[in-house]
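Data block below; observations after.
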Amino acid sequence: MPQLICSVAEHAASFEGFKGFLLIWMSYAAFAYVVLTGASIATFIYYYVYPTYDKWRFKSNPKYPSPTYVLGEVVLGGLLAPPWVTLMSSMHLFLISNGTLRHHCDTPQSIGYKLFSAAIVLLVQDLYEWGWHYLGHRFDSLWVLHRHHHRFYNPTPFGTIADYPLDNFMRSLYPVVVYAVSYSLIGMPLDIDMLYFATAFVTIIWGMYLHTGHELSFLPYDHPVFNTSFQHYAHHAVSVKNKPYHTGNFVKWWDMFAGSLYTGTQVIPALEDQKLGNRSLEKWEKEV
């Protein structure tokens, strides 16, 4: 079974030296603009450009953000972020293309190894993201940078990676961290396609869901395993310095272990707000 990422790296083999790295980096950043920023635009249009009463009933924060607020997310997350989140992955692809890390393509091609790789990537990546995010709320030197992400207390899809460059550089280290763990555990790299695809799933698909600002009717807002959009909205709204609520991305095991689950009433999920009568059609027509 051909490996897609390795095929891409092989096609880039003609790019040499620093110029070659820049070409790969800019190409990967352009891909991120198309996929991540493009998906953010599409999701934003669905939820925010064409809001409906049925959508609003499941919006965690009943108020819609101002155009100026959204512009801040667009600039930080949609325009400035892609080059930073693709930096180390681009270096990884470059080192494969020039042969330095070509052995990362020499892994078993069985379905079992791919599934094993995907599971390890998801766990390691999520634990790593939880860890540096948690520390960003604990240490003054890190909070000074991360607090800018919390300007966006009423998140939209553009807020998925609306962080300052250092935060997004840390996010770009996924390949380094995952490979360090895989070599420690099994003495060899994981399947490279699963590394990139599983990382993309958590960052793009799940990350964007967390930042839609809307809850899903079929996914409980207090799901016992997965972090939900309401819980991430609560993170944006009430998790400040020394209050690291729900700093995990995909699963909430790490927050459960650290005692950083949100159980307060300062913000409540849309479903509970509906029960209080605050999501009636009359309120929608009067206030929205």
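Each reported figure results from applying straightforward, stated rules to the coordinates on display, with no laboratory input. These numbers come from a predicted model, not from an experiment. Please note: Cβ atoms are built from the backbone with ideal geometry, for glycine as well, and neighbour counts cover all protein chains shown.
Data table
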quantity	calculated
Positive-end extreme of charge dipole, segment 4-287 - chosen from P62, F169, T203 (charges on Cβ)	P62
Under 5 Å, built H, 5+ apart or other chain: amide partners of V251	N227
Per-residue ³J(HN,Hα) for segment 29-43, Karplus 6.51 cos²θ - 1.76 cosθ + 1.60, θ = phi - 60°, Hz, x for Gly and Pro	5, 4, 4, 5, 4, 5, 7, 6, 5, x, 5, 4, 4, 4, 5
Ranked by how many other beta carbons lie within 10 Å on average, peptides 26-35, 187-196 from highest	187-196, 26-35
Size of electric dipole in the chain: Cβ of Lys, Arg +1 and of Asp, Glu -1, about Cα centre, debye, nearest 20	500 debye
Charge sum, other residues only, whose C-beta stays under 12 Å from H223's C-beta, Lys/Arg counted +1 and Asp/Glu -1	-1
J(HN,Hα) series, segment 257-274, from Karplus relation 6.51 cos²θ - 1.76 cosθ + 1.60, nearest Hz, glycine and proline x	5, 8, x, 10, 7, 8, 10, x, 10, 4, 10, 10, x, 4, 4, 6, 5, 4
Net charge, K241 excluded, C-beta distance under 12 Å - Lys, Arg +1, Asp, Glu -1	+2
Residues whose placed amide H lies under 5 Å from that of H214, excluding near-sequence neighbours	S60
Qualifying GluC sites (Glu not before Pro) for segment 219-287 [loop in DSSP, other Cβ within 10 Å: at most 16]	none
Separation of alpha-carbon centers, segment 104-152 and segment 41-100, rounded to whole Å	18 Å
